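The values are calculated or read from the model by the stated rules, or taken from the named source; none is laboratory data. Everything numeric in this text was worked out from a predicted model, so none of it was measured. Because the Cβ atoms are built from the backbone with ideal geometry, glycine has one as well, and the counts that use them run over all protein chains shown. Calculation scope for accessible area: heavy atoms of the full protein, side chains included, ligands and nucleic acids excluded. Shrake-Rupley method; radii C 1.70, N 1.55, O 1.52, S 1.80 Å.
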Amino acid sequence: MAIIKCKMCGGDLVINESMTVGNCQYCGSTMTLPKEADEKKVNLYNRANHFRRNNEFDKAAGIYESILNQDNTEAEAYWGLVLCKYGIEYVEDPGTFKRVPTCHRTEYGSILADSDYKAAIENADPHAQEVYEMEAKVIENIQKQILEISSKEEPFDVFICYKETNEAGTRTPDSVIAQDLYYQLKQEGFKVFFSRITLEDKLGSAYEPYIFAALTSAKVMVVIGTKAEYINAVWVKNEWNRYLALIKKGEKKTLIPAYRDMDPYALPDEFSHLQAQDMSRLGFMQDLVRGIKKLMADTKTKETSKEVTSTFQYNPTAKSLLERAYLCLEDGDFKKADELLEQVLNLEPKNPEAYIGKLMCNLSIKEEKQLSKVDKDLSQNNNFQKALRFANDR
């Protein structure tokens, strides 16, 4: 008989190799179990679940991946990856004393469409499938609530990532520096996410919707650190890791590490490709603020340029298209002129000048006055007929 730790509360569960679903005698939770759970596999799961219960989701995910490298049919490992991806922590409901999931990592995609979730269902037996499906529906509802709240938040420009308190529960130097930066950026007119102030009116509610809204909207993140352990603290790392993941997906965002009183080589390996800023350098704050202003200005310029281009390409008027078509006729580009005239007729099906232009394309005529010199019988020409039908007095 193997002993596996409850993935909700950490209590000991005595299981045998044939069990795929069990109940915890400590928290009363029903949960899925790894198949053919020998001692080695149980130890890996216990270690992964330990990290996950402590919200070290990336460490836990690495162990679940190693289990799958040994056996890619392990449904429980796929489910573990799902829990890490959505940052699921099981907390005790004070009303019912049951363990319920809370979400610390929001995703736009539905958990029901997640590839790891589908793999868990595919490789599980019917009893485990039922538990996975029930859990997934609960997480799906939590995700929807988070996305609904976050969608109502105004977008942020800058996200300041830092550790607020030390082991003694007092403010860190990082928090003080972060607050100075917050006020500097506020004076420049930026909307800044600084948890100490931004979340102070959110006491008693879940923070994830607001953190998610800030992470996904902010164009710049500044990671403040005076100690390696502060930068790698669970919740600090959770924020910058998620931000880096958005950058890897192609989001136009910039992460700026800023350090002081520590060796820059002690910064996380994930920052090795980034240009870190030394906060002990004279004029650091002014240079950082100026750099952020430049980044934001460049971003807004690109967005404005895209909007102008989009308006020109997708919202032209019939008049502007007609003028351009007649310029193409003057140049003898009859194919392009005909395409533009078709667009005019899509907007104004009874525009006589468009039909006259198409007639000129048919006859390869560059100027309208040349129509009077045409010696062909045009009575059967479709464009000529419609030009007459919709023509004004001129």
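Comparing VAL236, VAL91, VAL220, which has the greatest mean-square fluctuation in the GNM of the chain with Cα pairs linked when under 10 Å apart? Of VAL236, VAL91, VAL220, the most mobile in the Gaussian network model is VAL91.
Database note for the chain: Cys without another Cys beta carbon under 4.7 angstrom, CYS84, CYS103, CYS161, CYS328, CYS361. Taking all Cα pairs closer than 8 Å and separated by 6 or more residues, the relative contact order of the stretch 40-167 comes to 18 percent. Running a GNM on the chain with Cα contacts under 10 Å, which residue among GLY169, GLY87, GLY357 ends up with the highest mean-square fluctuation? Greatest mean-square fluctuation among the candidates belongs to GLY357.
For the stretch 38-69 versus the stretch 107-186, the spacing of their alpha-carbon centroids is 20 Å.
Summarise the accessible area of the chain (1.4 Å probe, protein heavy atoms) by the percent that is carbon and sulfur.
Working: 10640 of 21810 Å².
Here it works out to 49 percent.
The angle between the Cα long axis of helix 208-217 and the longest principal axis of the Cα atoms of the chain comes to about 40 degrees, rounded to the nearest 10. May I ask you to list the residues of the stretch 29-73 whose amide nitrogen lies under 19 Å from a point 7 Å from Cα along the Cα→beta-carbon direction of GLU133? Inside the label zone: 30-33. Shape class of the stretch 198-290 from the alpha-carbon gyration tensor: prolate, with a/c at 1.5 or above and a/b greater than b/c. In vacuum, with every alpha carbon of the chain counted as one equal point scatterer, what does the Debye formula give for log10 I(q)/I(0) at q = 0.06, 0.10 Å⁻¹? Two decimals, please. Here log10 of I(q) over I(0) equals -0.43, -0.78. Excluding same-chain neighbours fewer than eight residues apart, the lysines reachable from LYS118 by a Cα-Cα span under 20 Å are LYS35, LYS85, LYS137, LYS144.
Kindly list the residues of the stretch 323-362 that lie in the label zone of ASN381, defined by a backbone N under 12 Å from the point 7 Å along the Cα-to-C-beta vector. Correct set: 355-362. Here the simple spin-label model places points 7 Å from the Cα toward Cβ, and for ASP333 and ALA276 these points are separated by 5.4 nm.
For the stretch 340-382, GluC sites (Glu not before Pro) are listed when DSSP marks them as loop and at most 15 other Cβ atoms sit within 10 Å of their Cβ; the list is GLU367.
Per residue, what accessible area does the chain have, given a 1.4 Å probe and all protein chains present, in Å²?
Computed with neighbouring chains in place, this is 55 Å² per residue.
Against the chain, whose longest principal axis comes from its Cα atoms, helix 352-363 is set at around 80 degrees. Per-residue ellipticity at 222 nm computed for the chain from its helices equals -16500 deg cm²/dmol, with DSSP H segments shorter than 4 residues left out and the rest contributing -39,500 (n - 2.57). When the chain is treated as a Gaussian network with alpha carbon springs shorter than 10 Å, the biggest mean-square fluctuation among LEU282, LEU322, LEU246 belongs to LEU322. Within the straight-line cut-off of under 28 Å between alpha carbons, the lysines reachable from LYS350 are LYS319, LYS335, LYS336, LYS358, LYS366, LYS369, LYS373, LYS376, LYS386, sequence neighbours fewer than 8 places apart in one chain being disregarded. For the stretch 347-394, the convex hull drawn through the C-alpha positions has a volume of 85 cubic angstrom per residue. In straight-distance terms, cross-link reach from LYS227 covers every one of the lysines whose alpha-carbon lies under 16 Å from its own, apart from those fewer than eight places away in the same chain; here that gives LYS163, LYS237. What's the angle, to the nearest 10 degrees (0 to 90), between helix 334-347's Cα axis and the longest principal axis of the chain? Rounded to the nearest ten degrees, it is 70.
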